[in-house]
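Step one of this worksheet: look at the structure below.
The values are calculated or read from the model by the stated rules, or taken from the named source; none is laboratory data. In this text, all values refer to a predicted model and were calculated from it rather than measured experimentally. A quick note on method: Cβ atoms are made from the backbone with ideal geometry, for glycine too, and the neighbour counts reach across all protein chains shown.
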Amino acid sequence: MVFPKGNLILNNAPVQFVNFDNILNHAKKTREGRLMGYIEIRYPESNEYLFFKDGNTISAAICRENQLKEHPLTQVLDKAKKAHQGIVNIYMIDEELLHIIMALFKEKPLFSDKRIVDVDLNVLFNKLETLKFSGFLSLNKSNKYSFVKFKEGSPQIIYPLKKNKRKIDKETLRTLLQSEDLLISAYRGKEMREQVHPALIELFLKFFNSLIKSFIEVVGVSLVRKTLIPSYENACQNLEILKNFTIDDDLKIVYTPFIATDEEITKAFAAWIDQFSDAIFVVLGRKTDEIIHSSLKDYRFALKRSGFFEYSKLSRLDIE
């Protein structure tokens, strides 16, 4: 798949020479320079994408056999860091185009891949006007995409494949559609769910694993196991997202890559940690809070910024 490219920042760089950690750090260093756009990594077997907004990675996708699907950020990023074959391009685009491209794999289209020669344009335009359609049309020519943004049933902006965006009216769009052999799809372009950043997952894991270690030092492995595992099983009953995590034999929590939002993972960990601390409280009483408070000291500010205490009973500890 090929999308409108905006400004090219890095052109055809061999993947093995690209330092992705440096790119991720540089992408958000200054407000003026924060990356809004995407990294394209072309492998022999697939094209893979990392999407940025204001310098932060917000989603990832993989295209195989012309099918674009969302994938976990860590999966795409870890592969890129280890790859020895592939080409990397970085494009800076505006937020609206970013939103449009991401809708291709995050949103179910109103209709998809209609051959333009089979579409009555008068009927199409009248329908869009009647619906006061606000969204976009994707125009696919041999898996090369252009997009037309609509507002209240009227075309407003076109993002051509190889040119800058420009205003467009209905008659100009009609002429364009009649002159090309295209597949046309329509999307509402709803607000996109951004993926949780891997750093947030690591924060929760570091805190929880530190907490588990602290309790083991006080009550031993056996008792912690008898409270940790049931708390996990109970939390999973209401929070499917936690099934992406497992507890090792040494009671360390690890995970496999998955797709979720910041809020979903924050609520899930708050619920699990609450259930675990409640179970330990039955054994240790008020000493439980002392141990938790001690474990929090290295993580409290980061956890507070994440919104963790808005969902967790640990807010009772009056963390400052």
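Every residue in the stretch 189-201 that is out of contact with any Leu (no Cβ under 9 Å at 6 or more places or on another chain) and either surrounded by 15 or more Cβ atoms within 10 Å (Cβ to Cβ) or modelled with pLDDT of 95 or more (or both), please.
Step one: list which residues in the stretch 189-201 are out of contact with any Leu (no Cβ under 9 Å at 6 or more places or on another chain), which gives 189-191, 193-194, 199-201.
GLY189, ARG193, GLU194, LEU200, ILE201 - these are the residues of the stretch 189-201 that are out of contact with any Leu (no Cβ under 9 Å at 6 or more places or on another chain) and either surrounded by 15 or more Cβ atoms within 10 Å (Cβ to Cβ) or modelled with pLDDT of 95 or more (or both).
Of everything in the stretch 271-315 that's among the aliphatic types (A, V, I, L, M) and within 15 Å of LEU203 (Cβ to Cβ), which residue is surrounded by the fewest Cβ atoms within 10 Å (Cβ to Cβ)?
Step one: of the stretch 271-315, the residues among the aliphatic types (A, V, I, L, M) are 271, 273, 279-280, 282-284, 291-292, 296, 302-303, 314.
Subset that is within 15 Å of LEU203 (Cβ to Cβ): 273, 296, 302-303, 314.
Values: ILE273: 23, LEU296: 19, ALA302: 15, LEU303: 20, LEU314: 21.
Only one residue fits best here, namely ALA302.
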Note to self: So if I check each of LYS127, LYS132, which one is assigned by TED's automatic domain parsing to the domain that holds PRO160 and assigned to a loop (DSSP other than H, G, I, E, B)?
What the structure shows: LYS132
Next item on the list: Quickly run through the stretch 217-235 and pick out the residues that are closer than 16 Å to ILE292 by Cα and among the charged types (D, E, K, R).
Entry: GLU217
Margin query: Pull out all pairs, ordered by first then second residue, where Cβ-Cβ is under 6 Å, the residues are six or more apart or on different chains, the first lies in the stretch 106-122 and is in a loop (DSSP other than H, G, I, E, B), and the second is surrounded by 14 or more Cβ atoms within 10 Å (Cβ to Cβ) and of a type outside the set (A, V, I, L, M, F, W, C).
Written below: GLU107/TYR187; PRO109/SER185; PRO109/TYR187
Note to self: For the stretch 233-320, give me every one of the helices (runs of 4 or more DSSP H) that falls completely inside it and has 1 or more residues that are polar (S, T, N, Q).
What the structure shows: 262-284, 287-296, 300-306
Item checked: Candidate set: the stretch 237-246, residues that are touching a helix residue (DSSP H, G or I) at 6+ places or on another chain (Cβ under 9 Å) and surrounded by 16 or more Cβ atoms within 10 Å (Cβ to Cβ); chosen: the one nearest to GLU202 (Cα to Cα) -> PHE245
Notebook entry, point to check: Can you name the number of the only condition in (1) surrounded by fewer than 19 Cβ atoms within 10 Å (Cβ to Cβ); (2) outside the structural domain of LEU137 (by TED's automatic domain parsing) that PHE52 fails?
Noted result: (1)
Next item on the list: Can you work out which of the residues in the stretch 247-270 that are farther than 18 Å from PRO72 by Cα and of a type in the set (A, V, I, L, M, F, W, C) is surrounded by the most Cβ atoms within 10 Å (Cβ to Cβ)?
Entry: PHE269
Check: Considering only the stretch 74-89, how many residues are assigned to a helix (DSSP H, G or I), in contact with a helix residue (DSSP H, G or I) (Cβ under 6 Å, 6 or more places away or on another chain) and crowded, with 17+ Cβ neighbours inside 10 Å?
Finding: 2
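From the list LEU50, LEU24, exactly one residue is modelled with pLDDT of 90 or more and outside any loop (DSSP other than H, G, I, E, B). Which is it?
Working: LEU24 fails: modelled with pLDDT of 90 or more.
Exactly one of LEU50, LEU24 is modelled with pLDDT of 90 or more and outside any loop (DSSP other than H, G, I, E, B), namely LEU50.
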Notebook entry, point to check: How about the stretch 135-226: which strands (runs of 3 or more DSSP E) wholly inside it have at least 2 residues that are in contact (Cβ under 8 Å) with a residue 60 or more places away in the chain?
Noted result: 144-151, 154-159, 183-187
Check: Are there any pairs with C-beta distances below 7 angstrom linking a residue in the stretch 288-316 that is in contact (Cβ under 8 Å) with a residue 40 or more places away in the chain to a residue that is surrounded by 14 or more Cβ atoms within 10 Å (Cβ to Cβ) and in a loop (DSSP other than H, G, I, E, B), with the two at least 6 apart or on different chains, and if so which?
Finding: LEU296/ILE319
Next item on the list: Return only the number of the condition from (1) more than 24 Å from GLU107 (Cα to Cα); (2) under 23 Å from the mean Cα position of the chain (by Cα) that TYR232 does not satisfy.
Entry: (2)
